[in-house]
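Asks: Here you go, one structure.
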Amino acid sequence: MKSTKKITVHSPANIAFMKYWGQKDAAHILPYTDSFSMNLSECYTITTVQLESGQPQSTPQRQFYLKKYDEKDFEQQEGPVADKVSTYVDKICHHLKTSLPQSYTIYSTNSFPIGTGIASSASFFSSLAMAVSRALGATLSTRELSILARLSGSGSACRSLPDGFVWWHKGKSTTKSCAESIGSEKFWDLADIVLIFNDQHKRTGSQEGHKKAESSPFFTARVASTTANLPLIKKAFLDKDFAQFGQLIEADALSMHAVMMTQTPPLFYWSPATIRTIHWMTQLRETGQLESYFTIDAGENIHMILKATDVPAAIALLQKDTIISQPSQLIVNYPAKGAHTISRHLF
Ligand code: PMV
């Protein structure tokens, strides 16, 4: 009997406050430290997966269509992008001990530029983990799904499954390295304004970068400082101590980028706009105009972390101030739920 199942998942990108950089076990994507993030309400991926199983068809087909945020139509992907998806579907089947589907069709689209330091691989692979496993008939817990998403190669994808504010426990083995929510999306009214200066795909992705992290002379120091700061940020989060929280976020972003810049070969993601914005935000804070803290992922774009009530003031400053280079796009995010199924399919 031939059977067809179609599942659609909405999955958020996440911004890490304490970041994951470097892999203790690259084969199993085990990090050196825990990390901690917030799901983003306006930066998300929607993926529809249709699997066909049962009686063999004459020509089994694996089709993957992608529509980037600024494109009108879906385009069928071939080559490395389609291969990566195909390899991951096989990995999910292997992990769930199910046979490979005869054929699949996958459509995916996202609400923001990909490959620019806004965790597009996290939202995409987490959506795929949930949609493919559900289409295969598996009902995994959020913890199990986070493990499956981590195995995609984009480790941070595991943090897009649980709701709101999410902790990735580094774990000592592949079944222990998983993510859990430590506060729902309603726990703290924070916001992340993403300032996009460049929406072009970065040259070196994080998955390549992780593999060279240990070559930085500062890597050991970063692991030590992150390990020491993790309990402090958890406390600041639970106490809603924004000043302490913000200071730890900035320190962590700077320490990760210090490692990136000094690994071999170096990864230099910042642009003049990044540095100008750091100065601008620091000055606004010091002069009592706006309390916001920066964090930066693997890209030049800045994430401005602030209290949700300060968003209108921040937007007004961003519109009037000439101190910073004008971002081409602003995306205002609030804490969001983790990956979940929706009934509106993409095809
Ligand atoms: O999970 P990956 O391989 O996409 O790496 C994510 C790395 C950072 O975004 C730079 C940090 C993080 O913890 O999200």
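The values are calculated or read from the model by the stated rules, or taken from the named source; none is laboratory data. In this text, all values refer to a predicted model and were calculated from it rather than measured experimentally. Cβ coordinates were reconstructed from backbone atoms using ideal geometry, including for glycine residues, and neighbour counts include every protein chain displayed. Surface accessibility is based on the protein's heavy atoms, side chains included, excluding ligands, DNA and RNA. Shrake-Rupley method; radii C 1.70, N 1.55, O 1.52, S 1.80 Å.
Asks: On a full-extension model of 0.36 nm per residue, what is the gain between residue 313 and residue 59, subtracting their alpha-carbon distance, rounded to one decimal in nm?
Replies: Working: separation 254, 0.36 × 254 = 91.44 nm, distance 5.77 nm.
Result: 85.7 nm gained on full extension.
Asks: Rule-of-thumb check for the chain: C-alpha Rg over 2.2 N^0.38 Å?
Replies: On the way: Rg = 20.0 Å, N = 347, 2.2 N^0.38 = 20.3 Å.
Dividing the Cα Rg of the chain by 2.2 N^0.38 Å gives 0.98.
Asks: Please give me the summed charge of the neighbours of residue 30: other residues whose Cβ is under 12 Å from its Cβ, Lys and Arg +1, Asp and Glu -1. Let's see the in-between values first.
Replies: Details: positive: 24, 150, 170, 172, 176; negative: 25, 34.
For residues surrounding residue 30, the net value is +3.
Asks: Hey, what did the chain get for relative contact order, percent, Cα under 8 Å, at least 6 apart? Please list the in-between numbers first.
Replies: On the way: 765 pairs, mean separation 87.2, N = 347.
RCO, the chain: 25 percent.
Asks: Alpha carbons only, please: Rg and Dmax for region 168-263, in angstrom.
Replies: 15.7, 40
Asks: A further question follows. If Lys and Arg each add +1 and Asp and Glu each add -1, what is the summed charge of the other residues whose beta carbon sits under 15 Å from the beta carbon of residue 264? Spell out each step's value before the answer.
Replies: Details: positive: 211, 212; negative: 208, 214.
Net charge around residue 264: 0.
Asks: Using only the alpha-carbon atoms of region 259-347, report the extent along each of the three principal axes, biggest first, to the nearest angstrom.
Replies: Each principal axis gives a Cα extent; for region 259-347 these are 47, 41, 21 Å.
Asks: Still on this structure, please answer the following. Run the simple label-point estimate for residue 97 and residue 141 please: 7 Å along Cα→C-beta, distance reported in nm.
Replies: According to this spin-label approximation, the distance is 1.8 nm.
Asks: Over all alpha-carbon pairs of region 210-299, lay out the pair-distance distribution in 10 Å bins, whole %, shortest bin first.
Replies: Pair shares across the bins are 16, 41, 34, 9, 0.
Asks: Still on this structure, please answer the following. Under the classification rounded if a/c is under 1.5, otherwise prolate if a/b is larger than b/c and oblate if not, where does region 1-64 fall, given a ≥ b ≥ c as square roots of the Cα gyration tensor eigenvalues? Write down the numbers at each step before the final one.
Replies: Working: a/c = 4.10, a/b = 1.90, b/c = 2.16.
In terms of gyration-tensor shape, oblate.
Asks: Could you compute the FRET efficiency for residue 268 and residue 211, with r as their C-beta to C-beta distance and R0 at 25 Å, rounded to 0.05?
Replies: Details: r = 17 Å, r/R0 = 0.68.
According to the calculation, E is roughly 0.90.
Asks: Next up: Provide, for q = 0.16, 0.19 Å⁻¹, the log10 of I(q)/I(0) from a solvent-free Debye sum over equal Cα point scatterers in region 82-214.
Replies: -0.93, -1.24
Asks: Also, I was wondering about something else. Tell me which residues come under 5 Å, amide H to amide H, from residue 13 once H is placed; ignore anything under 5 positions away on its chain.
Replies: Those lying under 5 Å, H to H, from residue 13 are 40, 43, 44, 45.
Asks: Nearest 5 is fine: what % of DSSP beta bridges in the chain come out antiparallel, could you say?
Replies: If I count the DSSP bridges inside the chain, around 90 percent turn out antiparallel.
Asks: Using modelled amide H (1.01 Å from N, peptide plane; none on Pro or chain starts), what sits under 5 Å from the amide H of residue 63, excluding residues fewer than 5 places away?
Replies: Amide H neighbours of residue 63: 104, 105, 106.
Asks: Cβ neighbours within 10 Å, averaged per peptide: list 338-346, 101-109 in order, most packed at the top.
Replies: The peptides rank, most packed first, as 101-109, 338-346.
Asks: How much accessible area per residue does the chain have, counting only protein heavy atoms and a probe of 1.4 Å, in square angstrom?
Replies: Values: 14780 Å² over 347 residues.
I get 43 Å² per residue for this part.
Asks: Quick one: if the Förster radius is 30 Å, what FRET efficiency do residue 175 and residue 67 give, using the C-beta to C-beta distance and rounding to 0.05?
Replies: 0.30
Asks: List the pair-distance distribution P(r) of region 305-347, using every Cα-Cα distance, as the percent of pairs falling in each 5 Å bin from 0 up to the bin containing the longest distance, rounded to whole percents.
Replies: Reading the bins upward from 0: 5, 15, 20, 17, 12, 9, 10, 8, 4, 0.
Asks: Once phi is turned into θ = phi - 60°, what whole-Hz ³J(HN,Hα) does the Karplus curve with 6.51, -1.76 and 1.60 give for every residue of region 92-105, x standing for Gly and Pro?
Replies: Once rounded to whole Hz, the list reads 4, 4, 4, 4, 8, 6, 10, 6, 5, x, 4, 8, 9, 10.
Asks: Tell me, what HN-Hα J-couplings in whole Hz come from the Karplus equation 6.51 cos²θ - 1.76 cosθ + 1.60 at θ = phi - 60° for each residue of region 138-155, using x for Gly and Pro?
Replies: 8, 10, 8, 6, 4, 4, 5, 5, 5, 5, 4, 5, 4, 6, 5, x, 8, x
Asks: OK, next. Looking only at Cα atoms, what is the convex hull volume of region 1-116 per residue, in Å³?
Replies: On the way: hull volume 16.4 nm³, N = 116.
Normalising the Cα hull of region 1-116 by residue number yields 141 Å³.
Asks: Next up: Kindly state, to the nearest 0.05, the FRET efficiency for residue 254 paired with residue 204, given R0 = 22 Å and r defined as their beta-carbon distance.
Replies: On the way: r = 19 Å, r/R0 = 0.88.
Plugging the Cβ-Cβ distance into 1/(1 + (r/R0)^6) gives 0.70.
Asks: Convert each backbone phi in region 261-267 into a coupling constant with the Karplus relation 6.51 cos²θ - 1.76 cosθ + 1.60 (shift: θ = phi - 60°), then list the ³J(HN,Hα) values in order as whole Hz, x for Gly and Pro.
Replies: In residue order, the calculated couplings are 6, 10, 7, 10, x, x, 10 Hz.
Asks: Provide Rg and Dmax in Å for region 87-148, with only Cα atoms included in the calculation.
Replies: Values for region 87-148 (Cα only, Rg and Dmax): 12.5, 36 Å.
Asks: Under 16 Å Cα-Cα from residue 24, which lysines qualify once same-chain neighbours fewer than 8 residues away are excluded?
Replies: 170, 172, 176, 211, 212
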